Amino acid sequence: MSGSRSVDIDADALSKLVSSIFVQHGLSESAANQVARGLVDADAEGLHSHGVMLLEMYVERLRAGSVLTKSRAEIVSDRLGALVLDAGNALGHLTGDQAMEICVERAKKFGVAAVAVRHGFHFGTARRFAVAAAEQDCIGIAMCNTRPLMPAPGGAERVVGNNPLAIAIPTDGDIPIALDMATSEAAMGKIRMAAKSGEQIPKTWAVSSDGSPTTDPQEAIAGMLLPMAGPKGFGLSFVIDLMCGLLSGGAFGKNVQPLYGDPAVPYDCSHFFMAIDISAFVSPAIFRALSAEAAKAIRQGAKAPGIERIYTPGEPEWQRRAHSKDRITLNEDVVRSLEKLAQDAGIDVSVLNQNQASGG
């Protein structure tokens, strides 16, 4: 690997490698494949902060026991269209998929269904769950709380997380309509990626521990993220925190632990999922056609000077995945991490030495 700055690798080969590492740490083959695919899909969509760079932290927590190898959450309350699951500190991709599958199944019966999840773990991109519902003619909603990372407007301490929210709308055509956002100006994962790459961050992303603006990702990690749109972003994050934590009977606010903290201490976040069956309200075919027409009108709308293309929510991720041609480009630090994890598990890493790229 010496001399290379990045590696271009086949997505399936990368997924198999990641899955093999998970299997060596106690996951079933099917569960390992499921989580590996979720991580690799995030990389394919250009969301590298939610991709295979997380594997090192996931494995560290599996080794330390704060993440368990179980693949299913326990249903602790079932009131037809409203359920509560206890994830039991299992990997969030697994329990998130389970929760949204239940949402869609119950929404098809009752029109709307919601599942709150306690004792959860990081679930990757929120969009994957929302889009899964949209593909079955349901509006999909997914949200999660995190440990406090942002101050209240005018505050000087972390009081609320940059809690993500995703909403996907059924539509015709290949391009999904999928809003997926953290409520901070930028996700902490992006700042960690900048730190790994030795890059600076925009000064609107975060402040240092004393509240001063910073472009240093290390200072930002030790400091506080800034909410998007000031008090609006803060308010949205606050209500997501309460919806996830209070409805599930799980952790919220300062009781959610640092994701990159003591690997032996459970992260203990809370999730909330919802599915709304289109057919309970209108014809799905008409709904999809009209949503596609609305999206097309936005994409083909008048452009400001210097703008070549207007995107709808979820389109950039779709486009990056389409252009990736099932190839994933990983930076050198992530590749080295994968090499070490694989070697420690006795797994062949030769696939990482193929098709090296010189890009950054």
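The values are calculated or read from the model by the stated rules, or taken from the named source; none is laboratory data. The structure displayed is predicted, hence computed values, not measured ones. When we count neighbours, we look across all protein chains shown, and the Cβ atoms used for this are built from the backbone with ideal geometry, even at glycine.
Here is the figure for segment 127-151: residues that are under 17 Å from the mean Cα position of the chain (by Cα) and assigned to a strand (DSSP E or B) total 5. Of the helices (runs of 4 or more DSSP H) lying entirely inside segment 22-126, those containing at least 1 residues that are under 27 Å from residue 139 (Cα atoms) and outside the structural domain of residue 145 (by TED's automatic domain parsing) are 29-44. Tallying residues that are farther than 21 Å from residue 130 by Cβ and surrounded by 15 or more Cβ atoms within 10 Å (Cβ to Cβ) within segment 313-323 yields 0. Scanning segment 199-223 for residues that are among the aliphatic types (A, V, I, L, M) and either at pLDDT below 95 or touching a Cys at 6+ places or on another chain (Cβ under 8 Å) (or both) yields 206, 207, 220, 221, 222.
The number of residues in segment 273-327 being in contact with a Phe, Trp or Tyr (Cβ under 9 Å, 6 or more places away or on another chain) and of a type in the set (Phe, Trp, Tyr) comes to 3.
Of the numbered conditions (1) in contact (Cβ under 8 Å) with a residue 60 or more places away in the chain; (2) more than 18 Å from the chain's Cα centre (by Cα); (3) more than 16 Å from residue 273 (Cα to Cα), residue 70 fails exactly one; give the number of that condition. Among (1) in contact (Cβ under 8 Å) with a residue 60 or more places away in the chain; (2) more than 18 Å from the chain's Cα centre (by Cα); (3) more than 16 Å from residue 273 (Cα to Cα), residue 70 violates only (1). Of everything listed in (1) under 17 Å from residue 158 (Cβ atoms); (2) not in a helix (DSSP H, G or I), the single unmet condition for residue 191 is (2). When residues in segment 58-91 are screened for being farther than 19 Å from residue 246 by Cβ and among the small types (Gly, Ala, Ser), 6 of them pass.
Criterion applied to 211, 250 was being in contact with a strand residue (DSSP E or B) (Cβ under 8 Å, 6 or more places away or on another chain), outside the structural domain of residue 178 (by TED's automatic domain parsing) and in a loop (DSSP other than H, G, I, E, B), and the one residue passing it is 211.
Can you name the residue in segment 1-21 that is among the hydroxyl-bearing types (Ser, Thr, Tyr) and in a helix (DSSP H, G or I) and, of all such residues, is surrounded by the most Cβ atoms within 10 Å (Cβ to Cβ)? Looking at the filtered set, the residue picked out is 15. Considering only residues in segment 157-187 that are free of Cβ contacts under 8 Å to residues at least 60 places away in the same chain and hydrophobic (A, V, I, L, M, F, W, C), the one that is surrounded by the most Cβ atoms within 10 Å (Cβ to Cβ) turns out to be 182. Any residue that is under 22 Å from the mean Cα position of the chain (by Cα) and over 30 Å from residue 149 (Cα atoms) - is there at least one of those in segment 286-298? Within segment 286-298 (the criterion being under 22 Å from the mean Cα position of the chain (by Cα) and over 30 Å from residue 149 (Cα atoms)), the answer is no, since none of the residues qualifies. Restricted to segment 126-156, and to residues there that are without any contact (Cβ under 8 Å) to a residue 40 or more places away in the chain and more than 21 Å from residue 174 (Cβ to Cβ), the residue that is surrounded by the fewest Cβ atoms within 10 Å (Cβ to Cβ) is 154.
When restricted to residues that are farther than 22 Å from residue 65 by Cβ and buried (at least 22 other Cβ atoms within 10 Å of the Cβ), segment 249-271 contains 1. Listed by position, the helices (runs of 4 or more DSSP H) enclosed by segment 267-350 that each have at least 3 residues that are at pLDDT 95 or above and of a type outside the set (A, V, I, L, M) are 284-299, 315-324.
Within segment 240-247, identify whether any single residue is modelled with pLDDT of 95 or more, among the acidic types (Asp, Glu) and farther than 14 Å from residue 165 by Cα, and answer yes or no. Walk me through it before giving the result.
Residues of segment 240-247 modelled with pLDDT of 95 or more: 240-247.
Filter once more, so that each one left must be among the acidic types (Asp, Glu): 241.
Then drop every residue that is not farther than 14 Å from residue 165 by Cα, which leaves none.
The answer is no, given that none of the residues of segment 240-247 is modelled with pLDDT of 95 or more, among the acidic types (Asp, Glu) and farther than 14 Å from residue 165 by Cα.
Please tell me if residue 351 is of a type in the set (A, V, I, L, M) and either outside the structural domain of residue 110 (by TED's automatic domain parsing) or more than 25 Å from the chain's Cα centre (by Cα) (or both). Here the answer is yes, as residue 351 does meet what is asked.
Out of 273, 281, 287, report the one residue that is touching a Ser or Thr at 6+ places or on another chain (Cβ under 9 Å) and within 27 Å of residue 112 (Cβ to Cβ). Working first, answer last.
Values: 273 fails: touching a Ser or Thr at 6+ places or on another chain (Cβ under 9 Å); 281 fails: touching a Ser or Thr at 6+ places or on another chain (Cβ under 9 Å).
Only one candidate qualifies: 287.
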